[in-house]
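The block underneath contains the structure these notes are about, expressed in structure tokens.
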Amino acid sequence: MAATTTLTSDFAQALRRLKPERRRERLRHRPPSDLRTVPTRPWSGRIALVPDTNVYINAAAGRLPAEIRDFLDRCLLFHCSVCLAELAVGIGSRPPDSPDWHRVRDHYRDVIDSIPDNRILTPTNGTWNEAGVITGTLARIQGLQPQQRKDLLNDALIHLTAARVGLPVLTSNRGDFDLIQQIAACGEFILYDTVNPGA
């Protein structure tokens, strides 16, 4: 019974804080110049942050620019369990007869296995409720399709989980994180660009 009371309280709190009924107008993406980006050298101090799922994927594919790799080497990294689950989904859904299946599987297995438990952040019940309200609100006012809602829910969970401990998310996904931050009014994200390794 106590767990039910807590969940109800968390949901009521999320509704009071986010006020989805007041959101009627479609949101516009802010220009990249208005968003936080990776700081230029020299970097002072060590920045703690949470990599978005695309950081792991772009790193494995060689799409992270050298300055982003250098930046990450200087960061104290925490990892969201939602991102790790997205990586696991990617491996599970990858055709096992593809020629690089074992290599890709082993790469992500080693990455995930190397993360200490005390560096993994997990969404709370309250985080799930807030992420749901944010996702539903954006789905309504932005006219999102079902698959977009699922992706946005994961991004909202990542954003809020990092915000709960005061950390920014490093991401190349300007579209989702900009909209989430406009609704949530909490947390930060740091935007980076990818490179085309074939260029």
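Some values worked out for this structure:
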quantity: Residue check for Leu84: touching a helix residue (DSSP H, G or I) at 6+ places or on another chain (Cβ under 8 Å), among the aliphatic types (A, V, I, L, M) and not in a helix (DSSP H, G or I); calculated: no
quantity: Residue that is farthest from Asn54 (Cα to Cα), among those in the stretch 127-167 that are in contact with an Asp or Glu (Cβ under 9 Å, 6 or more places away or on another chain) and among the charged types (D, E, K, R); calculated: Glu130
quantity: Selection within the stretch 88-107 - among the hydrophobic types (A, V, I, L, M, F, W, C) and free of Cβ contacts under 8 Å to residues at least 24 places away in the same chain; calculated: Val89, Ile91, Trp101
quantity: Given (1) assigned to a loop (DSSP other than H, G, I, E, B); (2) touching a helix residue (DSSP H, G or I) at 6+ places or on another chain (Cβ under 9 Å); (3) open to solvent by less than 50 Å² (accessible area, probe 1.4 Å), index of the condition His29 fails; calculated: (3)
quantity: In the stretch 108-127, residue nearest to the chain's Cα centre (by Cα) [restricted to those that are touching a residue at least 40 places away in the same chain (Cβ under 8 Å) and in a helix (DSSP H, G or I)]; calculated: Arg119
quantity: Of all residues making up the stretch 88-107, the number that are assigned to a loop (DSSP other than H, G, I, E, B) and not hydroxyl-bearing (Ser, Thr, Tyr); calculated: 6
quantity: Residues of the stretch 160-199 satisfying the condition of being part of a helix (DSSP H, G or I), buried (at least 19 other Cβ atoms within 10 Å of the Cβ) and polar (S, T, N, Q); calculated: Thr161, Gln181
quantity: Contacts under 9 angstrom Cβ, first residue in the stretch 75-87 being closer than 15 Å to Ala163 by Cβ, partner crowded, with 18+ Cβ neighbours inside 10 Å and among the small types (Gly, Ala, Ser), 6 or more apart; calculated: Phe78/Ala162; Cys80/Ala162
quantity: Number of positions in the stretch 121-136 that are polar (S, T, N, Q) and surrounded by fewer than 21 Cβ atoms within 10 Å (Cβ to Cβ); calculated: 3
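The values are calculated or read from the model by the stated rules, or taken from the named source; none is laboratory data. Just so we're clear, the structure is a prediction, and the values are computed from it rather than from any experiment. No Cβ is skipped: glycine too gets one built from the backbone with ideal geometry, and neighbour counts run over all protein chains shown. Only protein heavy atoms, including side chains, enter the accessible area calculation; ligands, DNA and RNA are left aside. Shrake-Rupley method; radii C 1.70, N 1.55, O 1.52, S 1.80 Å.
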